[in-house]
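Single-structure report; data block below.
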Amino acid sequence: MSSALLLGCQKPPQPTNTDKQTLQQTNKTTTTQQNCTNLNQAMQNIDERSSIEALNQVNAQLKQCISQVKNTQQLQWLQNSSNMYLRFMQGHQSKKGYDQFLNLEEYLYRLMDQDSSWQSIQQIKNFQAKPELFKKLSPRDQYLLQHQGQAYIELQDQGEGIIDYRRQPQYILDVFAPSLPIDQKIFVQRMAKDNQDLFYIDAAINASWAELIERALFWEKYLQQYPQSYFAKDAQRLLDEYSFLIFFGSDNTPAPVPYTGLASDQETDKEALQQIQHLAKQKHSHLAEVAQKYLAFTTTPLEQRQQKFALTTANTVTDNPESNSSEQLHELLPLKSPFESTDYRDCHQDAICIQYNIN
């Protein structure tokens, strides 16, 4: 028999296990790349009609893709993910006809108001415990309550009768942080730590003066170390906010040291004063210099302030030292008040600051 005939009768070579694995890996890589390419659109498709399964699928794709792209794309996805969650969680409130349903806050407060005690949101184990009332909620509210705690979504009692959904700060730590540059990773890690709990409750500061000062010093050092960070503006925003609160308090948290001499002044917060005194001794800190000026002002007798801390503002009431004290201190410490900002940027809900568009 000829050699040509023998060759013609031989079977073609069969693919080996290695060949099969290579093919499977190639197909898997191609699929992953395709998913990453389509990720922007997939995120955009998530809205108030989407299911929790669709949200989980996008998050799974993000985890796969985030380490494969440049930082500019990572940051774009980070912003897009925040918008995605806002649409998913808040669409139920803005939807047309929402006012015909039972209000979500009203329903939840009825759940928390038990016969013999008051439960917090975190203590509620069954969000459908009042089925007749539950049916009166909008379909979207019913759906979100059924899936509360999934896909990093949780309810938060924000005080003053406001209860709403938020994305847990842990989301950014799990999905984005492992692939971010060190300065960005440090930023989101610190934000996630600070924002586990509410910072403001009924316009009062939900933190000690020691914690306020520690946060301010952290962001001051962060800006010294990473002045060009992508998050530098938000770090400065936080530093400005904490700095103001340390010395002036908030609407329902009085300034730590009374300085107007008026009968309405609160007593000195001794713990806060000790913390400010300790702050004033810090080295290489602009905030320490502010603390030194603050202590110098508050320890100066009221009648001596006019001469020692002369006002330069045009609207000075020179014949009323008590009224002047507030203006004098604000001029001495030109700190930006977070309560006068109009940009609606919230840095106390998530592991990044969230921009809200207020119409």
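Overview of values
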| quantity | calculated |
| --- | --- |
| Total formal charge among the other residues, if their Cβ is under 14 angstrom from that of residue 170, Lys/Arg +1 and Asp/Glu -1 | 0 |
| Fewest-first sequence of 37, 312 by Cβ atoms within 10 Å of each Cβ | 312, 37 |
| Net charge of Cβ neighbours under 15 Å - reference residue 236; Lys, Arg +1; Asp, Glu -1 | +1 |
| Stretchable slack from residue 99 to residue 346, in nm (0.36 nm times residue separation minus alpha-carbon distance) | 86.3 nm |
| Net charge contributed by nearby residues that have their C-beta within less than 9 Å of residue 154 (K/R +1, D/E -1) | +2 |
| For 107, 85, order by how many other beta-carbon atoms lie within 10 Å, fewest first | 107, 85 |
| Inter-label distance, nm, simple model (7 Å from Cα along the C-beta direction), residue 33/residue 154 | 4.0 nm |
| Rg to Rh, two decimals, where the range 39-179 supplies the alpha carbon set and Rh follows Kirkwood | 1.02 |
| Relative packing of peptides 39-48, 68-77 - highest average C-beta neighbours within 10 Å first | 39-48, 68-77 |
| 18 Å Cα-Cα threshold exceeded, pairs from 293/336; 233/281; 70/233 | 233/281; 70/233 |
| Separation in nanometres of the label points that stand 7 Å from Cα toward Cβ, at residue 197 and residue 292 | 3.4 nm |
| Farthest toward positive dipole pole in the range 39-179 [+1 Lys/Arg, -1 Asp/Glu at C-beta], among 108, 55, 171 | 55 |
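A short reminder: the numbers here are calculations on the coordinates, not readings from a lab. Note that the structure is a prediction, hence the values are computed from the model and not measured. Here Cβ is always computed from backbone atoms with ideal geometry, including for glycine, and neighbour counts include all displayed protein chains.
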